[in-house]
Amino acid sequence: MSNKVLDKATKHFRARISGAMHKIHVKEWECDIWFKEANTLKEEAKLIELAQQGKTVEALVETLIMKARNEDGTKMFTFADKAIFMNEIDPQVIIRVVGEMNVQAQEITDRAEVEKN
């Protein structure tokens, strides 16, 4: 027997995960970074855990590594790149890029809610 609420919930999330990618331009890195608006609960849990441990910068780096994609959808970075991000890349750029991703994702979610109502 199927649970209709769970069916609708998974359908909604699949649509967000498999939906269109969005793009931001990072002038300092001379590149575009593509991303999807949603993370899985497992990914979110890892980010929340880091934030609760006071590791905000590490959470930002992990967010960037998780979300950043090339235009073809392949991952732009790997977790092996984390040390480079933590030690050799301008933290202000990382903060701005992740912030822009989050703002765009929230705007997309808000727009979808308005259109639905």
Within region 53-95, tally of residues that are assigned to a helix (DSSP H, G or I), out of contact with any Asp or Glu (no Cβ under 8 Å at 6 or more places or on another chain), hydrophobic (A, V, I, L, M, F, W, C) and crowded, with 17+ Cβ neighbours inside 10 Å: 6
Single unsatisfied condition, residue 50 versus (1) surrounded by fewer than 15 Cβ atoms within 10 Å (Cβ to Cβ); (2) more than 13 Å from the chain's Cα centre (by Cα): (1)
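Residue under question is residue 104, and the condition is that it be assigned to a helix (DSSP H, G or I) and either under 10 Å from the mean Cα position of the chain (by Cα) or under 26 Å from residue 20 (Cβ atoms) (or both); does it hold?
Numbers: assigned to a helix (DSSP H, G or I): yes; either under 10 Å from the mean Cα position of the chain (by Cα) or under 26 Å from residue 20 (Cβ atoms) (or both): yes.
Here the answer is yes, as residue 104 does meet what is asked.
A short reminder: the numbers here are calculations on the coordinates, not readings from a lab. Everything quoted here is computed from the prediction, not taken from an experiment. Using ideal geometry, Cβ is built from the backbone for each residue, glycine included, and neighbour counts are taken over all protein chains shown.
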